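Input: a single structure, listed below in structure tokens.
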């Protein structure tokens, strides 16, 4: 049975060219980049070259990139780094209600320390209202963090509009771009953001890699105290193979994204999936914004079905998708994102998310439509909720 | 310790929140791009810099002008007097 992987928001396969680029840095070029001798200095140079590649993917300079261990660490560094550095300026933070847990919980961390946090509501598509942000900013606001795109519902925020409000009010603006970098062209200058987080596994780099873009001259308190690594902004010997992998993956992604047909092809597959599923399955809600969304992202809430059961059934047929929020799913908790966009709790239990990448093929999408439709029928046949619903 | 007030500078290096020993590495790099006679202002919140930077200037043949305390950091002033740095 061929496996069909449609969960690229969770992880992407590491490109062979990326693995090959990384391998010499495990044994051949193993020296510590902070060492003063030549083989250490050579590695330091390699790190900086790959810093440049990661920067180039998002239109940033090399010195504006800090390598991290993940997108979650980049989010933590952005929020805690800015808030701790700016504690004399104010004690108010604004985030949206549908941020990733690494942003939500970093903000909540400060709530316990007598900071005030405003959780901006979103509309039925998951979008933040720019006027709402304007009204929420106070003189003591030191940071606004709003994600570029949401991994559960695919909606993309009007970042430029939101960042310009913050620029006008002289408030630092961060965006979590883990869901977008590598999937669509992203440019920090066009978005006009002060900080931007990205994750390696979202763009064909290995797990354990990520980066934070920060505008030059922005004060940022390090999370990991150490020495001169990352120019004194993140202690700890660098993950050299990981950095090389992230740099190489960024280079490949930049090249692939420069051809708009690559993005268009992903979008066509997504559109076909949405059309096929909507035509075959009744009582299903397509979540997120219909147009303003990630090109490979399709998310649904299926009535009278548990998302987890559907995932297991699809997995049995070799199809890999997601319920949306791994944390919420494992804790059997309703997704806070779906609650925030007004999906009733019962319907939110039937959440399923497909994330398609450039590596997928249209025939895989056809198989997924057919398998999904059959799985829903089978599960509904067993569902007392569905039976009750049918007899109403 | 030498204190100054309203010292003018040609360049500023903001090292607030940066970890030790960046306060000893970055000024040297910055001075390389400056002309003799120009003044570099170093902003830092690291207490150790108050002793380290004057000593670094002495060792590297640069002139340490003095320190000014600001609300959230120290401002240290270095005059480039030696070429090649």
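With respect to chain A, whose longest principal axis is taken over its alpha-carbon atoms, helix A:101-111 is tilted by about 60°.
Set the Cα radius of gyration of segment A:260-390 against 2.2 N^0.38 Å, with N its number of residues, and you get 1.02. Centre-to-centre, using Cα atoms only, segment B:12-85 and segment A:135-196 are separated by 35 Å. DSSP beta bridges fully contained in the protein assembly as shown are about 60 percent antiparallel.
Hey, what did segment A:260-390 get for relative contact order, percent, Cα under 8 Å, at least 6 apart? Please report the intermediate quantities before stating the final value.
On the way: 162 pairs, mean separation 44.6, N = 131.
Across segment A:260-390, relative contact order equals 34 percent.
Can you bin chain A into rounded, prolate or oblate? Criterion: square roots of the alpha carbon gyration tensor eigenvalues sorted a ≥ b ≥ c, rounded for a/c under 1.5, prolate for a/b above b/c, oblate for the rest.
Details: a/c = 2.10, a/b = 1.35, b/c = 1.56.
Judged from the Cα gyration tensor, chain A comes out oblate (a/c at least 1.5, b/c at or above a/b).
For chain B, what proportion of DSSP beta bridges, expressed in % and rounded to the nearest 5, is antiparallel?
Working: 12 of 17 bridges.
Counting only bridges with both partners in chain B, antiparallel ones make up about 70 percent.
What separates the Cα centres of segment A:208-234 and segment A:251-303 is a distance of 35 Å. Which FRET efficiency value, to the nearest 0.05, do you get for residue A:123 and residue A:160 by plugging their Cβ-Cβ distance into 1/(1 + (r/R0)^6) with R0 = 22 Å? Approximately 0.75, to the nearest 0.05. For segment A:1-147, the gyration tensor built on C-alpha atoms gives an oblate shape. Its axis ratio a/c (a ≥ b ≥ c) is at least 1.5, and a/b is not larger than b/c. Applying the Kirkwood pairwise sum to the alpha-carbon positions of segment B:11-79 produces a hydrodynamic radius of 11.8 angstrom.
Write down the percent of antiparallel bridges among all DSSP beta bridges whose residues are both part of segment A:16-256, to the nearest 5. Bridges in segment A:16-256 are about 40 percent antiparallel.
With respect to chain A, whose longest principal axis is taken over its alpha-carbon atoms, helix A:307-316 is tilted by about 90°. Which of rounded, prolate or oblate describes segment A:166-257 when judged by the alpha-carbon gyration tensor and an a/c cut-off of 1.5? Since a/c reaches 1.5 but b/c is at least a/b, the shape of segment A:166-257 is classed as oblate.
Using the Cβ-Cβ distance between residue B:71 and residue A:231 with R0 set to 25 Å, the FRET efficiency from 1/(1 + (r/R0)^6) comes to roughly 0.50.
Relative contact order of chain A, please, whole-number percent, based on alpha carbon pairs below 8 angstrom and at least 6 residues apart.
Details: 775 pairs, mean separation 86.8, N = 392.
Relative CO of chain A lands at 22 percent.
Given their separation in residues at 0.36 nm each and the Cα-Cα distance between them, residue A:49 and residue A:63 gain 4.0 nm when the chain is fully extended. Between residue A:279 and residue A:292, the simple label model (points 7 Å from Cα in the Cβ direction) yields a spacing of 2.9 nm.
For chain B, the relative contact order comes to 37 percent (Cα pairs under 8 Å, sequence separation of at least 6). Separation between the residue B:11 and residue A:259 pseudo-spin-labels, each 7 Å from Cα along Cα→Cβ, expressed in nm? Once both label points are built, they end up 4.4 nm from each other.
For chain A, the longest principal axis of the alpha carbon atoms and the long axis of helix A:159-168 meet at an angle near 40°. Take the Cα of residue B:81, step 7 Å toward its Cβ, do the same at residue B:58, and the gap between the two points is 1.3 nm.
All of the numbers you see were taken from the coordinates with simple rules; none came from a lab. Source: prediction; values computed, not measured. Ideal geometry is used to build each Cβ from the backbone, glycine not excepted, and the neighbour counts take in all protein chains shown.
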